[in-house]
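Chemist: Attaching a single structure in structure tokens format; questions to follow.
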Amino acid sequence: MAAALLFDLDGTLLDTDPIHAAVFREVFAARDREISEGFYADHIHGRLNADIFAEYFPDEDPQAVADEKEAAFRARLGDSAAPMPGLPGLISRAQRKGWRLAVVTNAPRLNAEAMLGAIGMADTFEAVVIGDDLRHGKPHPEPYLAAMDWLGVAARDCIAFEDSRSGVESASAAGAHTIGIRSTLSDDQLRHVGAAATIADFEDPALSTHLERLTGVIP
């Protein structure tokens, strides 16, 4: 039997939400629409670009707007970024235990590669599941089900880490024990959409209790 840790990327492996929020504000402002932090958190955070831009700019090619936005994001990200606090230690622990590792993200593949490279984890994960490559992205459970299938693990033996509403909905609907990361949303907001628990980051003392769920799968 195998156990796995499944990670969202933006806002979970590294704190990219301030960059995304700033770039989204610029994209909207260039089209004469001002958006607030609350609007970003409630209507944009965690969603697929295709859905966002088709909804708010129906007269434009959503892929072209997405390409514009993501190129600006990658330029701001640069070549180096700090991983979420405690992440390197958690990855080392998982590797010692033999737990499988995957990333499950709605980010475009170019962004995923850029972010993993920036935190020095380009080769850390066995699978990187991209929502755009599937019929359905988050909040549909398909991305997490695809990761479980690729790794050959059962949902009951997986812990998923997510920071967005759509991500928590996706992971919990797929059957994973889902832990919310409070990088953007509150404990109440994350639990409301299905998180079993929440943590501040991977240094949070509460994390150890949740990892004990996997000790019966792989000692």
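Chemist: For residues that are more than 17 Å from residue 22 (Cβ to Cβ) and not in a loop (DSSP other than H, G, I, E, B), scanning just segment 43-52, find the one that is most open to solvent (accessible area, probe 1.4 Å).
Modeler: By that ranking, first place goes to 51.
Chemist: Run down 185, 207 and say which single residue is crowded, with 23+ Cβ neighbours inside 10 Å and within 21 Å of residue 14 (Cα to Cα).
Modeler: Result of the check over 185, 207: 185.
Chemist: Also, quick follow-up: Checking the condition farther than 24 Å from residue 119 by Cβ and of a type in the set (Phe, Trp, Tyr), which residue from 57, 7, 24 passes?
Modeler: Of 57, 7, 24, the one residue that is farther than 24 Å from residue 119 by Cβ and of a type in the set (Phe, Trp, Tyr) is 57.
Chemist: Something else about it: Would you be able to tell me the number of residues in segment 143-170 that are among the small types (Gly, Ala, Ser) and either touching a Lys or Arg at 6+ places or on another chain (Cβ under 8 Å) or on the phi > 0 side of the Ramachandran plot (or both)? Before you say what the answer is, go through the steps one by one.
Modeler: If we filter segment 143-170 for residues that are among the small types (Gly, Ala, Ser), which is where we start, we get 146-147, 152, 154-155, 160, 164, 166-167, 170.
Now narrow it down to the ones that are either touching a Lys or Arg at 6+ places or on another chain (Cβ under 8 Å) or on the phi > 0 side of the Ramachandran plot (or both): 152, 164, 166-167, 170.
Number satisfying all stated conditions: 5.
Chemist: Which condition number does residue 19 fail, the rest of (1) open to solvent by 10 Å² or more (accessible area, probe 1.4 Å); (2) more than 30 Å from residue 101 (Cα to Cα); (3) of a type in the set (Val, Ile, Thr) being met?
Modeler: (2)
Chemist: In this structure, does residue 170 turn out to be of a type in the set (Ser, Thr, Tyr) and surrounded by fewer than 23 Cβ atoms within 10 Å (Cβ to Cβ)?
Modeler: No, not satisfied.
Chemist: Can you name the residue in segment 148-166 that is part of a helix (DSSP H, G or I) and closer than 14 Å to residue 177 by Cβ and, of all such residues, is most open to solvent (accessible area, probe 1.4 Å)? Before you say what the answer is, go through the steps one by one.
Modeler: Just the residues of segment 148-166 that are part of a helix (DSSP H, G or I), to begin with: 148-151, 155-157, 165-166.
Retained after the next criterion (residues that are closer than 14 Å to residue 177 by Cβ): 148, 155-157.
Details: 148: 10, 155: 26, 156: 169, 157: 12 Å².
Only one residue tops the list, namely 156.
Chemist: What are the pairs with Cβ atoms under 6 angstrom where one residue, in segment 115-141, is free of Cβ contacts under 8 Å to residues at least 40 places away in the same chain and the other, located anywhere, is assigned to a loop (DSSP other than H, G, I, E, B)? Sequence gap at least six, or different chains.
Modeler: Filtered contacts from segment 115-141: 141/174.
Chemist: Here is a further query. Looking at (1) assigned to a helix (DSSP H, G or I); (2) open to solvent by 30 Å² or more (accessible area, probe 1.4 Å), which one does residue 111 not meet, given that it meets all the others?
Modeler: The one condition residue 111 does not meet is (2).
Chemist: Among (1) at pLDDT 95 or above; (2) touching a helix residue (DSSP H, G or I) at 6+ places or on another chain (Cβ under 9 Å); (3) open to solvent by less than 70 Å² (accessible area, probe 1.4 Å), which single condition is residue 92 missing?
Modeler: (2)
The values are calculated or read from the model by the stated rules, or taken from the named source; none is laboratory data. These numbers were taken from a predicted model, which means no experiment stands behind them. Note that we place each Cβ from the backbone using ideal geometry, even for glycine, and neighbour counts take in every protein chain shown. Ligands, DNA and RNA are excluded from the accessible area calculation, which covers all protein heavy atoms including side chains. Shrake-Rupley method; radii C 1.70, N 1.55, O 1.52, S 1.80 Å.
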